[in-house]
Amino acid sequence: MELRHLHYFVMVAAELNFSRAAQRLHIAQPPLSQQIRQLETELGFELFHRTKRSVQLTQAGRVFLVQAEKILQQVEQAVEMGRQASRGEVGQLVVGFVSSAAYSILPPILQAFRQAVPNVRLELRELTTNQQLQLLVSGQIDIGLVRPPVEQPEIHSEVIFQEPLILAMPVSHRLAKRAKVSIKSLVNEPFILFRRSLAPGLYDPIISLCQQAGFSPNVVQEAIQMQTIISLVAAQMGIAVVPASLQNLQRSGVIYKPLKEKTPLVALALIWRPDRIPTVERFLQIARTGYDQSFSLALHTP
């Protein structure tokens, strides 16, 4: 028995006329009658009562019709689900991200992805850049959003967002009333920073900015997450140079100021394995083009 036999049977059952059914199927009537006979022989019971004037379903035929229609519907659903899977429109996607991405491009990308591909279940994991690189290689995440550079040859990466650096300071700071702050005026300030191993692509530009001003920052406290750094600034533990998008993290006791000097741009990059699955490919497409690109421009503080 083949699916075409079921399709032929359902069509004849709908028309109760072999000629009309053959026309709808775009085949000749004799082959259609022969196919139905073969199906009945294989089943071991008659599907139709045939006379010269009429065709009627047998009792067994009526029961078989219900199940045959269900089978054909299930096949259509299976085909459509397969097509959706091939386009990355169903399934699950595990996405890693650095904490600072939650204040820049991650929300608009997730919103665009959810609207475009509502049947893919997203699992989000907040991780450092190094953690994401390790988990991507081991297959525990499917795609990541990190601070480049990415130097592992087995991992593909693409920068999708860049932004300048700004200053976060306590609202009571002596420089808080200035419209812009020169990095040179921070020479004696206590800095809050993270270890270089966590994100060298962000750490190095901050250090370089200070060194170009003639000093090395006095780091009095280290933290892993950006939220923690901003909380320590609010606690008046020191100041911090952070990506411009962090000003979206509004915290009582903290004020953000642009720097007078032109700062290097710090980047966010997507990472994935070469053997990317369709859902990863779909996420990449949306991350490249599917969200409001004006968001990036708004963060480039003049």
Phi-derived 3J(HN,Hα) across region 129-143 with the Karplus relation (6.51, -1.76, 1.60, θ = phi - 60°), rounded Hz, x for Gly and Pro, is 4, 4, 4, 5, 4, 5, 6, 5, 4, 7, x, 8, 10, 9, 7
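Can you pull the percent of region 1-73's accessible area that's carbon plus sulfur, 1.4 Å probe, other chains left in place?
Working: 2430 of 4610 Å².
Answer for region 1-73: carbon and sulfur cover 53 percent of the accessible area.
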The relative contact order of region 31-157, taking Cα pairs under 8 Å that sit 6 or more residues apart, comes to a percentage of 21
Karplus ³J(HN,Hα) for region 183-195 (6.51 cos²θ - 1.76 cosθ + 1.60, θ = phi - 60°; Hz, whole; x = Gly/Pro) runs 4, 5, 6, 9, 4, 9, 7, x, 9, 10, 8, 10, 5
Per residue, accessible area of the chain with a 1.4 Å probe, heavy atoms of protein chains only, in Å², comes to 51
Rounded to the nearest Å, the spacing of the alpha-carbon centers of region 125-171 and region 25-71 is 62
Partner lysines whose C-alpha sits under 23 Å from that of residue 260, ignoring same-chain residues fewer than 8 away, are 177, 180, 184
Amide H contacts under 5 Å for residue 263, restricted to residues at least 5 apart in sequence or on another chain and with H modeled in the peptide plane, are 165
For residue 189, the accessible surface traced by a 1.4 Å probe with all protein chains present amounts, in square angstrom to the nearest 10, to 20
Where a ≥ b ≥ c are root eigenvalues of the Cα gyration tensor, a/c under 1.5 meaning rounded, otherwise prolate if a/b exceeds b/c and oblate otherwise, region 159-237 counts as rounded
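Take every Cα pair under 8 Å in the chain that's 6+ residues apart, average their separations, divide by the length, and report that relative contact order as a whole percent.
On the way: 487 pairs, mean separation 67.5, N = 302.
It comes to 22 percent, rounded to a whole number.
Could you sort 262, 180 by accessible area so the largest value comes first, with the probe set to 1.4 Å? Each step should come with its number before you reach the end.
On the way: 262 190, 180 85 Å².
Result, largest first: 262, 180.
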To the nearest 20 debye, region 135-229 has a Cα-centred charge dipole, built from +1 on Lys and Arg Cβ and -1 on Asp and Glu Cβ, of 740
Calculating Cα extents along the principal axes in Å from this structure picks out, from (i) 53, 46, 45; (ii) 59, 43, 36; (iii) 104, 36, 29, entry (iii)
Neighbours of residue 99 by Cβ distance under 12 Å: Lys/Arg at +1, Asp/Glu at -1, summed charge +1
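The values are calculated or read from the model by the stated rules, or taken from the named source; none is laboratory data. Note that the structure is predicted; figures quoted are calculated from it, not measured. Note: ideal-geometry Cβ built from the backbone for every residue, glycine included; neighbour counts use all protein chains shown. These area figures cover heavy atoms from the full protein model, side chains too; ligands, DNA and RNA do not enter into them. Shrake-Rupley method; radii C 1.70, N 1.55, O 1.52, S 1.80 Å.
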